[in-house]
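Read through the structure below, which is laid out as structure tokens, and then see the notes.
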Amino acid sequence: MTNRLDTAGRIDRSKPISFRFNGKGYVGYQGDTIASALLANGVKVIGRSWKYHRARGFMGDGVEEANGLFQVQTGAKTIPNVRGTQAEIYEGLEFTSTNAWPNPNFDVLALFGKFSFMLPAGFYYKTFMWPAKLWMTYEHIIRKASGLGVAPKEQDTDHYEKTNEHCDVLVVGAGPSGIVAALHAARADARVLLVDEQSEMGGRLLSQNVQIEGNASSEWLRSALLELQAFENVTLLGRTTAFGYHDGNFVTAVQRLTDHLPESKQRGAREKVFRIRAKQVILATGAHERPIPFGYNDRAGVMLASAVSSYVVRYSAPLAKRAVVFTNNDGAYQTAIDLHRAGITVSAVVDSRSETNGDLPEIVRGLGIEVLTQSTVVKSKGGKSVTGAYVQSLSDDSKSLVGASRLFECDLIAVSGGWNPAIHLLAQSGGKVKWNDAKVCFEPDVVVQKQVSVGAANASFSLAEGLQEGAQAGDAAAKTLGFDPATNAAPKADSIKEQAIQPMWRVPYNADKPWDGPKQFVDFQNDVSVSDIYLAVREGFHSVEHVKRYTALGFGTDQGKTGNIVGMAILADALDKDIPSTGTTTFRPNYTPVTFGAVAGPDIDGTMFDPVRKTAIHQWHAEHGALFENVGQWHRPWYYPQGNETLQEAVNRECLATRNSVGIMDASTLGKIEIKGKDASKFLEMIYTNNWKKLAVGMARYGFMLGEDGMVMDDGVTVRLADDHFFMHTTTGGAASVMNWLEVWLQTEWPELEVFMTSVTDHWSTAAVVGPNSRKVVSSVVDGIDFDKDAFPFMGSRHGSIDGVPVWVNRISFSGELAYEVNVNANQGRHVWERLWAAGQPYDITAYGTETLHVLRAEKGYVIVGQDTDGSVSPEDLGMQWAMSKTKDYLGRRSLALQELRREDRKQFVGLLTVDPKIVLEEGGQILNEPAQQIPATMLGHVTSSYHSACLDRSIALALVRNGHKRQGETIYVSMNDGRTVPAVIGSTVFIDPKGERQNVA
Amino acid sequence: MLQLQCPFCGLRDESEFSFGGEAHIARPLEPDALSDEEWADYLFNRSNVKGFHREMWLHAAGCRQWFYAIRNTVSYEFTAFYRVGDPLPDLPNRSVPGAAK
Ligand SMILES: [Zn+2]
């Protein structure tokens, strides 16, 4: 069983909990974290560092922890990089060290540490600059050594939720000042949301035995939380981290609902993301204690002073037999008192200041503990964990060491270099911070949102100040929102006389060479030491952002919560600048890592992420063996394999059947926009490159749409249904963006036009019946339309019916064949399709999908916008001068006259025929003038479409080639993925029926 | 996340809107009268103001109306929302808290 101290603590000793670490069994108590339970079991070395694989122990007790990361559970449930200082233990919990193999006490990769001189700052960058051959040698070692935990390889079996929250006052952090702020706002009837990341609310109070309002702080905390719970207008969210602060007082938070429970007790969602819109935000996020770098300060047993207090007071964990406390401020004296009261010998308090006259140092001296002023710990002694501390005096100016060092035997060094307010959310919200010289920290300065920081987050570190600020902020927030705060005073705590903190950023081993001395770690997770920062400066990296990236300072999962400010202070020193002018790196969301599951929310399995659109005929396609492809959100039939047919075999069959007899394709996904109003034709004149005013009612026309920059944006056929009524088809993928495009011009540029538009893509079902026998098929089922070739000409549009269902038929073609598109209300779509299918049986009607559609149109050289164009292609590049009016203005027209678009050597749309008809080029293949060119080769363009054409029994391709229109008949070479180049001849884009006679079926 | 006051629907989250860039860039009435430089200026050059400026928004997942807003590009503060054809509200003549000094 675990050994515990006699202190009261907050663990429940009646509830033992068994867990396994690195395969070995241990017992802790309800209320323990992984860290407190392991420490209580005497486990000090818990992992290895990232770069040198040095043995490491816990350094903190909360979110700032850099070393204590674990891989928790296994399989689909495994969670990497769990901070042991925050994760609660539960029955059956299993976890392993991160970055140690086979175990933290015997780590194979610790070899790296022995060669640390080879791994200075910038090691990885320099490695990349070595010859590529060498990289291949090092890569597998570095890959194995780098990185932290292992992501689960299986599908996440948990589910996640998201919810929107609105409140008058959001309080982030339930330490003393946050609780008081919430109480005061709640008493004024404001709607309050209080979020806190710990398993229990109370913040630093959970680790302190102090007096509030004359009572024990634990009593005050209990009654304050009871009062909050009783309010109907208060919501308390525990185990909830506010991780992002965005514009408009929009705060994102994640609640961990089940990670603290055994799997058998997990119910419902694992995590829930709250998207909180708050009228006022009170940041009571506390502060993070920072270490002071000294020689080998990374040994297990070197811990932050506040963490030591926490383990002793809150968790009753017997951390050590003998301790040394090292500080530059009064706060750590409380730790000495806490240790002493718990029965742990404090050998000495080492204080870098020359004077210590505060109340707490007086108490410490009164306990008979030796206090060494103007002194520093110079290095730790020990193996994997601490066995002693070498202490030396500082010169009067603190710039050098004087006298001989003294060794204090100890197995714990508690360090405090001062406190950094947790300004992360403030900075994310757009606020600015300023350096406070007296308190030696950055504190909130300019605030740009409806927000205030209180307590330690506002650099008001004393309990009395924190309570006062919390109360004021709660009242003020309520008052601003029109509530009437009661005039109750802030709870009172004793004010303590304190001696000012004195900056202490590193041990002055060598005044001339400040980077000298034993390894002193600044960022524990990334193994960044004081000498690395000096090296970065010597190598010319002076900006704090550059030094961060060169050394990896602050890059870990902890984002430098302990190391950043220390590192920046050392950088300032190295640059001979002050800290404010050196500045900080940028604080970005997220405050702590957030799981992808929480971000995805209920969309975790991907089915809800993007809606799927299916046509009215979808089920028929599925029943007839279609394979589908995604086109935007649409699922479209790709091809219909029969038996064991391959894609190519099926497409060959579908193409031949269509060109020889008749095929049928579901064209319902094409975008459709109805355009009405007396100015509709005037509007289309501006939108399209060709003329629309004279288009006869009942006729259709192909149109090109350009951006104002003259580049092809979309194309399609538009039908005139009446003088003031048009029906526009867009590409399947372009439907939404074309609608936006039309709306922006109509609404903002030509609001005087009387035009109304409706997107009707989903209203219609469209069957394209294609091939020389299509007229026989369609005319046999459609009533009320004269299908005579002259009565219903090419590009004609007619209304009729099938079985009394009104249909609308357009004689338009995207294949060069005689073809009819039969449109019907989507609800009757399948019926009409099946009628056409049945009518086509005498002609062996064949259903085809997008692949055959592509081959048929490529055989005719028809462009697919977005495949053959890429936003840099003009209609002239496509050889489409015929579609461009010379008698009117239209969007993009003036751009076509720009010098750049008049260049003769633009990439132009051409056909390619390979010399060897069997070779099908690869789409995207680069086009070269010679078969073998030195790299970098001169690239003249690329293949945009490439297929095997069954009708021609050879390959065909379309391409954009520099000056291609004038290079007809010339041979070029196309690069292939395997390194070959394939000769091909530039020719016409039209491979079949260049005169366009096939659709003139008599 | 910003909140925008759609002049037709009211206060809504930014995620319902799409941004349309700088507002009130009129399409030249006689494009052919412009030199290449003048046309390119209309096409590509934007004022890229640091501070308050007028911009276009579309209430894409709402009423699908385009409208205008005055927004500070440093602080993201909106000071006005108005419809096409409305008289132009004045640009605030003040500095912004949080803007670079
Ligand atoms: Zn709206």
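Values computed for the structure shown
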{"read-out": "Failed criterion for A:Lys381 (all others in (1) farther than 19 Å from A:Thr562 by Cβ; (2) open to solvent by less than 40 Å² (accessible area, probe 1.4 Å); (3) more than 14 Å from chain B (Cβ to nearest Cβ) hold)", "value": "(2)"}
{"read-out": "Sole exception among (1) in a helix (DSSP H, G or I); (2) crowded, with 22+ Cβ neighbours inside 10 Å for A:Ala76, by number", "value": "(2)"}
{"read-out": "Any hit, region A:869-881, residues being polar (S, T, N, Q), assigned to a helix (DSSP H, G or I) and over 30 Å from A:Ser955 (Cα atoms)", "value": "no"}
{"read-out": "Test for A:Lys860: is it more than 42 Å from the chain's Cα centre (by Cα) and more than 29 Å from A:Ile802 (Cα to Cα)", "value": "yes"}
{"read-out": "Any hit, region A:847-862, residues being in a loop (DSSP other than H, G, I, E, B) and open to solvent by 60 Å² or more (accessible area, probe 1.4 Å)", "value": "yes"}
{"read-out": "The listed residue being open to solvent by 40 Å² or more (accessible area, probe 1.4 Å), within 23 Å of A:Ile501 (Cβ to Cβ) and in contact (Cβ under 8 Å) with a residue 40 or more places away in the chain, out of A:Asp330, A:Asp359", "value": "A:Asp359"}
{"read-out": "Single residue of region A:508-565 satisfying the filter (among the polar types (S, T, N, Q) and assigned to a loop (DSSP other than H, G, I, E, B)) that is farthest from A:Arg83 (Cα to Cα)", "value": "A:Asn510"}
{"read-out": "Condition check for A:Gln428: touching a residue at least 24 places away in the same chain (Cβ under 8 Å) and either open to solvent by 10 Å² or more (accessible area, probe 1.4 Å) or closer than 23 Å to A:Pro176 by Cβ (or both)", "value": "yes"}
{"read-out": "Count of region A:566-585 residues which are in a loop (DSSP other than H, G, I, E, B) and within 29 Å of the chain's Cα centre (by Cα)", "value": "3"}
{"read-out": "Total residues in region A:411-443, condition closer than 30 Å to A:Thr480 by Cα and touching a Gly at 6+ places or on another chain (Cβ under 6 Å)", "value": "2"}
{"read-out": "Near pairs, Cβ below 8 angstrom, 6+ apart or cross-chain, from region B:60-76 (more than 10 Å from every other protein chain (Cβ to nearest Cβ) and farther than 19 Å from A:Gly248 by Cα) to any residue that is polar (S, T, N, Q) and more than 9 Å from the ligand (Cβ to nearest atom)", "value": "B:Ala61/B:Ser15"}
{"read-out": "Selection within region A:586-618 - surrounded by fewer than 19 Cβ atoms within 10 Å (Cβ to Cβ), under 18 Å from A:Asn420 (Cβ atoms) and over 15 Å from the mean Cα position of the chain (by Cα)", "value": "A:Thr586"}
{"read-out": "Qualifying position, being outside the structural domain of A:Val990 (by TED's automatic domain parsing) and closer than 19 Å to A:Ile785 by Cβ, among A:Arg811, A:Arg830, A:Arg857", "value": "A:Arg811"}
{"read-out": "Residue list for region A:547-566, filter: among the basic types (Lys, Arg) and either under 11 Å from A:Val528 (Cα atoms) or in contact with a Leu (Cβ under 8 Å, 6 or more places away or on another chain) (or both)", "value": "A:Lys548"}
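Condition check ((1) buried (at least 20 other Cβ atoms within 10 Å of the Cβ); (2) touching a Leu at 6+ places or on another chain (Cβ under 7 Å); (3) on the phi < 0 side of the Ramachandran plot; (4) within 14 Å of chain B (Cβ to nearest Cβ)) across all residues:
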{"site": "A:His725", "(1), (2), (3), (4)": "no, no, yes, no"}
{"site": "A:Val738", "(1), (2), (3), (4)": "yes, no, yes, yes"}
{"site": "A:Trp741", "(1), (2), (3), (4)": "no, no, yes, yes"}
{"site": "A:Leu746", "(1), (2), (3), (4)": "yes, yes, yes, yes"}
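The values are calculated or read from the model by the stated rules, or taken from the named source; none is laboratory data. The structure displayed is predicted, hence computed values, not measured ones. Backbone-built Cβ (ideal geometry, glycine too); neighbour counts: all protein chains shown. Protein only, heavy atoms only, side chains kept; ligands, DNA and RNA dropped before computing areas. Shrake-Rupley method; radii C 1.70, N 1.55, O 1.52, S 1.80 Å.
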